[in-house]
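What follows is a short report on a single structure.
Laboratory data are not the source of any read-out in this text; all were calculated from the coordinates shown. Just so it is clear, the structure is predicted and the values come from calculations on it, not from any experiment. A quick note on method: Cβ atoms are made from the backbone with ideal geometry, for glycine too, and the neighbour counts reach across all protein chains shown.
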Amino acid sequence: MKKISAILAVIGMIFISSCEGPQGPPGYDGLDGQDGLVAEVFEIKNVNFVFSASKGYTIFSALTPKILASDVVLIYRMNGSIDATTPIWQLIPRTLYLTSPDRELDYDFDFSREDFTIYAGGNYDIITTPQYINNQTFRIVIVPGSFSTSINKNNYADVVAALNIKESQIQSINF
């Protein structure tokens, strides 16, 4: 009886393992990069904000290629330098409190999968302080959404180190 049960079990296993159903739908393409991590940094140098009556002072650029819906954009403004090779980067949005009484200048931004816009505005006529709207340099960092919660976004050096981005990999956006 044990031999018959063993033979039936073997035949059943062969029968079950040889069954095949319809093929399922194809999967999605994977991401290129280190463990699926796709991060980029772009720099716009010496750019001037453009004024329009409807939007105020802005800098606009398309993102080519489009980013993933889950990606996050961080933008840093160069706020001087320690020496010729060590810039100081500030995360925006940022409010600058100027030396004149009650003067505030705000930098902000928004982004979509296709583009980003950087805004400059204040509680005064900011054309009177051209050093804050002309010849500005920004770094735009594309961070994968799943990674964006585990890094110190306030520190540009920490962000690029965590994303393993080298200075030589930073791409320029021309205006």
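As I understand it, the dipole of the stretch 26-172 uses +1 on the Cβ of Lys and Arg and -1 on the Cβ of Asp and Glu, about the Cα centre. Which of Thr58, Thr128, Tyr97 lies farthest toward its positive end?
The Cα lying farthest towards the positive end belongs to Thr128.
Could you give the length gained by full extension between Ser70 and Asn123, i.e. 0.36 nm per residue of separation minus their alpha carbon distance, to one decimal place? Walk me through the numbers on the way to the answer.
Details: separation 53, 0.36 × 53 = 19.08 nm, distance 3.41 nm.
Stretched out fully, the Ser70 to Asn123 stretch lengthens by 15.7 nm.
Assuming 0.36 nm per residue, please report the length gained on full extension of the stretch Gln90 to Ser52 beyond their Cα-Cα distance.
Numbers: separation 38, 0.36 × 38 = 13.68 nm, distance 2.53 nm.
Here the segment from Gln90 to Ser52 would lengthen by 11.1 nm.
Given the C-alpha centroids of the stretch 95-137 and the stretch 40-63, what is the distance between them in whole angstrom?
11
Loop-only trypsin sites (Lys or Arg not before Pro) in the stretch 126-168, please: DSSP not H, G, I, E or B, and at most 13 other Cβ atoms within 10 Å.
Working: sites: Arg139, Lys153, Lys166; in loops: Lys153, Lys166.
Those satisfying the criteria are Lys166.
Taking K and R as +1 and D and E as -1, what net charge do the other residues with C-beta under 14 Å from the C-beta of Tyr124 add up to?
Details: positive: Arg103; negative: Asp102, Glu104, Asp106, Asp125.
After counting each charged neighbour, the total is -3.
Under a Cβ-Cβ cut-off of 14 Å, what is the net charge of the residues other than Phe60 that fall near it, where Lys and Arg count +1 and Asp and Glu count -1?
Values: positive: Lys55; negative: Asp108, Asp110, Glu114, Asp115.
Its environment carries a net charge of -3.
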